[in-house]
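Scroll down for the structure; my scribbles are underneath it.
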2 protein chains.
Amino acid sequence: MTPRGEFAWIDRLVELLGPAAPRRDDGEGAIGDDVAVLRGPGGEAWAWTVDGMVEDVHFRFDWLEPEAVGYRALAASLSDLAAAVAEPIGALVTVAGSAAAFEERIEGLYRGLRALAETAACPVLGGDLSRADGPLHLTVTALGRCPRGAPPGRGGARPGDDVWVTGRLGAPAAAIALLAAAGNDAARLAAARAHPAAERLARPEPRLAEVAWLAARAPLHALIDVSDGISSDLAHIADRSRVRLAIETAEIPIHPAALGAAAELGGDADRWALHGGEEFELLACAPPDSLAGVAAAFESRFAIPLTRIGSVEAGRGVVRRGAGPDAPLEPGGWDHFRVAPARAAG
Amino acid sequence: MTPRGEFAWIDRLVELLGPAAPRRDDGEGAIGDDVAVLRGPGGEAWAWTVDGMVEDVHFRFDWLEPEAVGYRALAASLSDLAAAVAEPIGALVTVAGSAAAFEERIEGLYRGLRALAETAACPVLGGDLSRADGPLHLTVTALGRCPRGAPPGRGGARPGDDVWVTGRLGAPAAAIALLAAAGNDAARLAAARAHPAAERLARPEPRLAEVAWLAARAPLHALIDVSDGISSDLAHIADRSRVRLAIETAEIPIHPAALGAAAELGGDADRWALHGGEEFELLACAPPDSLAGVAAAFESRFAIPLTRIGSVEAGRGVVRRGAGPDAPLEPGGWDHFRVAPARAAG
């Protein structure tokens, strides 16, 4: 039996929930989005998200320090808030793990949580602790207010829009490839953990300030964070917006650490940039020229690029556009329901 | 080395979080409470909670159907909202489990979630799914609005108040004792699962409507749900309110199913009622006579008793009051950081 993928399970569970899982025709707060959208006290829009992180599925302690695991867990939720143009209100954290995990790792986890909670002004307001045999589980739920109203979501891209991405991609997947290639060799593992790509895996930056700056300067019709791999996240926008995205894949900025790792390993940095997940960069669709005029100012303010990588057209799906004819760009992000992360990292 | 208990871990983690875990001198939304309290722009208070449930720690699939596990997980969060006099807005759910758990159990879990989501008007607005080896983990986070303002919390009990409890206690602990005593004997397990006490374990009722009714009729100075065992939850109020609670333990109403199970097993129904957890009944401190006048109307409306079980005095701690001299009432609820549930159930 072929295992069902995560998205097929979500569809099945929404069906089972029936009226208990409201489907919104306006796309606001639909299950499967990064956030649920609420009308907060006073009528303000609030964004709400939850992310579960499981040892040996989403992270490995021989690859990441506990500090990085805590930091990344909060970063995943804050990146969902960034994709909703939300300002963090706070987070609740649950940890379930063995006695040994509590003794050896929970203090590191909380130091990592604290580091990002402080820089992102997202206080930890509570949570729940459990003993559990087996892998450590960490869940972060975060709330944010949306000062600009309901988030654009994935469904608002319009033919004629341009497609933009923040930052440079590929480093987290490169780091995973280096770590996987190190196997159990302690010296190679230490070198992989010290590689510049590993810093992007350990300390990804949710683009909260960046998105607030952009949303104040341009109408963002669709917005998503690059958490499943940009090829998959482009497909989410194309599906939900019922448009075709034509992507000039040669324009996708590749992180120099990914290029370095590719040279060292003989890996494929283009593939890491296209299909690697947990980048926490943002992918935005906006009217032509609206972001073109601010890209230079963005880059000088935030020290990361803002790059036009394609355009939105009538049609369906995602295509690669370049010198030759268009070719389908298949979603290649890994689905942990089908592939273990270590195997997906190659 | 003696393992740290859950509350000691919470203290240590709050210390590690430092300024990232705001301590509120007014007691509102302090970490360790059932809920975090948020303020919207209109000044309305919202209550936010998260609860993690782990297979073989908080539940066992040989004791409970998947439907009951899903139902109880949402019930735990809704009970926290009830203790905050909040009306549910919605919930997010995470599930992490093996391929077999997804195939065999997740549909049942979601049928149970749906049943309570519908009766409690708490839609499931999203969540996160993960593959994970080891035990199944289920996390529910819920938000509610507090139409009567900030929740009373645990810290407002005043000398002179009376102590009240809704419903009848002891049945969930009795059910666990019956199930534990059945061991692997299939016939005894089936009988234990069909025992009236087991219905209270499988389908606990969060007291949302009851608390709204009470809060409209009496000032509730302190409020908590009986989730850790009433002896422990009384101690939480005494500690946070800096008062002494004098409890006439003979007045605590015992569920008839617990009395029945005690007769069958030779168990101690008083002990189950005092120290059993996950009752989801409410414990309230209110000025003298404020609830006395409505107890009969409460009982006729909700078909459960509202019982005065003691009073609040100057001092510290919790004492049993009866015919003889006062004696300390030690918190005896089980702490899964110290004792496995099957062993705690005897």
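The values are calculated or read from the model by the stated rules, or taken from the named source; none is laboratory data. Since this is a predicted model, take the numbers as computed values, not measurements. Because the Cβ atoms are built from the backbone with ideal geometry, glycine has one as well, and the counts that use them run over all protein chains shown. The protein model used for the area step is the full one, side chains on, heavy atoms only, and it has no ligands, DNA or RNA in it. Shrake-Rupley method; radii C 1.70, N 1.55, O 1.52, S 1.80 Å.
Each row is one residue, and each column tells you yes or no for (1) in a loop (DSSP other than H, G, I, E, B); (2) within 10 Å of another protein chain (Cβ to nearest Cβ); (3) within 18 Å of B:ARG111 (Cα to Cα).
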residue: B:VAL37; (1), (2), (3): no, yes, no
residue: B:GLY43; (1), (2), (3): yes, yes, no
residue: B:ALA47; (1), (2), (3): no, no, no
residue: B:ASP51; (1), (2), (3): no, yes, no
residue: B:VAL57; (1), (2), (3): yes, yes, no
residue: B:LEU64; (1), (2), (3): yes, no, yes
residue: B:VAL69; (1), (2), (3): no, no, yes
residue: B:ALA73; (1), (2), (3): no, no, yes
residue: B:ALA76; (1), (2), (3): no, yes, yes
Within the group A:ALA20, A:ALA82, which residue is in contact with a Pro (Cβ under 6 Å, 6 or more places away or on another chain), surrounded by 16 or more Cβ atoms within 10 Å (Cβ to Cβ), within 8 Å of chain B (Cβ to nearest Cβ) and modelled with pLDDT of 75 or more?
A:ALA20
Report yes if some residue within the range B:67-74 is buried (at least 24 other Cβ atoms within 10 Å of the Cβ) and touching a Pro at 6+ places or on another chain (Cβ under 7 Å); otherwise report no.
yes
Does the range B:202-210 contain at least one residue that is under 15 Å from B:LEU306 (Cα atoms) and of a type in the set (Gly, Ala, Ser)?
yes
If you go through A:SER241, A:SER231, A:SER227, the only one that is out of contact with any helix residue (DSSP H, G or I) (no Cβ under 7 Å at 6 or more places or on another chain) and of a type in the set (Ser, Thr, Tyr) is A:SER241
Could you tell me whether any residue of the range B:223-230 is open to solvent by 20 Å² or more (accessible area, probe 1.4 Å), more than 18 Å from B:ALA76 (Cα to Cα) and of a type outside the set (Ser, Thr, Tyr)?
no
Select from the range A:317-330 the residues that are assigned to a loop (DSSP other than H, G, I, E, B) and among the hydrophobic types (A, V, I, L, M, F, W, C) and write down the one among them that is farthest from A:ARG154 (Cα to Cα).
A:ALA323
Quick check: is even one residue across the range B:145-155 at the interface with chain A (Cβ under 10 Å from one of its Cβ atoms), over 20 Å from the mean Cα position of the chain (by Cα), of a type outside the set (Gly, Ala, Ser) and open to solvent by 10 Å² or more (accessible area, probe 1.4 Å)?
no
Would the range B:157-170 turn up any residue that is closer than 22 Å to B:ALA273 by Cα, open to solvent by less than 10 Å² (accessible area, probe 1.4 Å) and assigned to a helix (DSSP H, G or I)?
no
Among the candidates A:LEU125, A:LEU136, single out the residue that is modelled with pLDDT of 95 or more and within 14 Å of another protein chain (Cβ to nearest Cβ).
A:LEU136
Does the range B:296-316 include one or more residues that are at pLDDT 95 or above, crowded, with 21+ Cβ neighbours inside 10 Å and in a loop (DSSP other than H, G, I, E, B)?
no
If you take the residues of the range B:95-110 that are free of Cβ contacts under 8 Å to residues at least 40 places away in the same chain and within 9 Å of chain A (Cβ to nearest Cβ), which of them is least open to solvent (accessible area, probe 1.4 Å)?
B:PHE102
Given (1) surrounded by 21 or more Cβ atoms within 10 Å (Cβ to Cβ); (2) away from chain A (no Cβ under 14 Å); (3) within 22 Å of B:ASP51 (Cα to Cα), identify the lone condition not met by B:LEU116.
(2)
